[in-house]
Structures are given as structure tokens and as C-alpha cells.
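Reading through the C-alpha cells given below for one structure.
The values are calculated or read from the model by the stated rules, or taken from the named source; none is laboratory data. All figures in this text were calculated on a predicted structure; none of them were measured in a lab. Note that each Cβ is placed from the backbone with ideal geometry, even for glycine, and that neighbours are counted across all protein chains shown. Quick note on the areas: whole protein, heavy atoms, side chains included, nothing else; ligands and nucleic acids left out. Shrake-Rupley method; radii C 1.70, N 1.55, O 1.52, S 1.80 Å.
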Amino acid sequence: ADFMNLIGRFGVAASLTPQNIKAGESATLTIDVSGSGNIRDGILPDLQWSGLKSYPDKPAVDIQKSGYGISGKKTFKVALVPSQSGTYKLPALTLTYFDPQTGEYVPLEIPEMALMATASEDEKVNSVILDQKGEKTQSQVTVKNILSLLILNLISLLLACVDKAWRNIQRDKFCGNA
């Protein structure tokens, strides 16, 4: 459990929106910590997950002072960007604060969440090709493969043009036309 640097009495709520995105787009993990005590001093652990880039925002703090002390809410937002398509599990997270009334550390549980990332347009394109029987089949071809094939075809065409021009020059020299 990660100590949040909080002393008092607190609760936590968390959400992930949207939960379905394309690879390379961002979803936002929002963690709201609210209660009474030193809410301004609250911190989160470094949140890193394999395959996800995380970009934390500056937390927003809403404080109320009363005769009973300080209370309020601190909102942490982290942008999560998947590098490729797939299902990303954000494991359950336990955050801890100290309750001075009981003299105990109290865990706050954030349940496991899942982020679904579908392929981005840059990751792959759908193309219809003919199989050996002449029937149309659906396949997914990466953009890199398409570009590689296009470049190879252009190089082949260029070489064929150079070869044709060279043969014409040689023929003209042989026949005395040059």
C-alpha cells in the first residue's frame, strides 16, 4: 500500500474515461480523494503500466475551512496513451492515509480497471485482396508493408525504364544513328 501523505479521514473514487479508444489516443484516469485533514498535501505514487504512456496533470484542489478544520477534495488526472492495440489491465491500487483518531493507517481501495485499445489508422489498414481461387478475402496489412511494396514496385518500374533507355541508346549506336 502506498502512503498518500494524508492525515485525517478520507475516501476515494476513481474512473477511467473513455474505456475504449484507438491506439495512440488518450484516456483519462481520474482519482478523487476527499475528506477532512491535510488534503492539500495528498500525493499519488508514480503510476506506470507496461505498454501505456502516462502523463499526469497538475492536481486540482478544492478546500473548505470550517470550525471543524479543513476538508475538501483533491482530483488527480493522468492521461494514458496505449502504444498499440490490446487490452490493458490497470491493477487494483491501494492508497493509505493515517487516521489520528484511531491511530491507524487506513487503506483506500481502487478496483482494477481495463482499457481497450483498437488498432489506429496508422497501425493497420484493411484491404481486400484476391486469394488463389479468385475469391475476395479480407486481410489486415500494415501501413509499413504497403509502403514497402509500393517502393519496391516503383524501383522495379524505374529499373525497367532505365534498361529500356539503355537498350535504345545501344541500338542507336550499333545501327549508326548516334
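Leaving ligands, DNA and RNA out of it, rank ILE70, ILE63, ILE151 by accessible area with a 1.4 Å probe, largest first.
Numbers: ILE70 75, ILE63 45, ILE151 95 Å².
Result, largest first: ILE151, ILE70, ILE63.
Counting Lys +1, Arg +1, Asp -1, Glu -1, what net charge surrounds SER71 among other residues with beta carbon under 15 Å of its beta carbon?
Working: positive: ARG9, ARG40, LYS65, LYS73, LYS74; negative: ASP32, ASP41, ASP62, ASP99.
Every neighbour counted, the sum reads +1.
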Which value, in Å³ per residue, describes the convex hull spanned by the Cα atoms of region 1-110? 88
What ³J(HN,Hα) values, in whole Hz, does the Karplus curve 6.51 cos²θ - 1.76 cosθ + 1.60 give for region 49-54 when θ = phi - 60°, with x put for Gly and Pro? 9, 4, x, 10, 8, 10
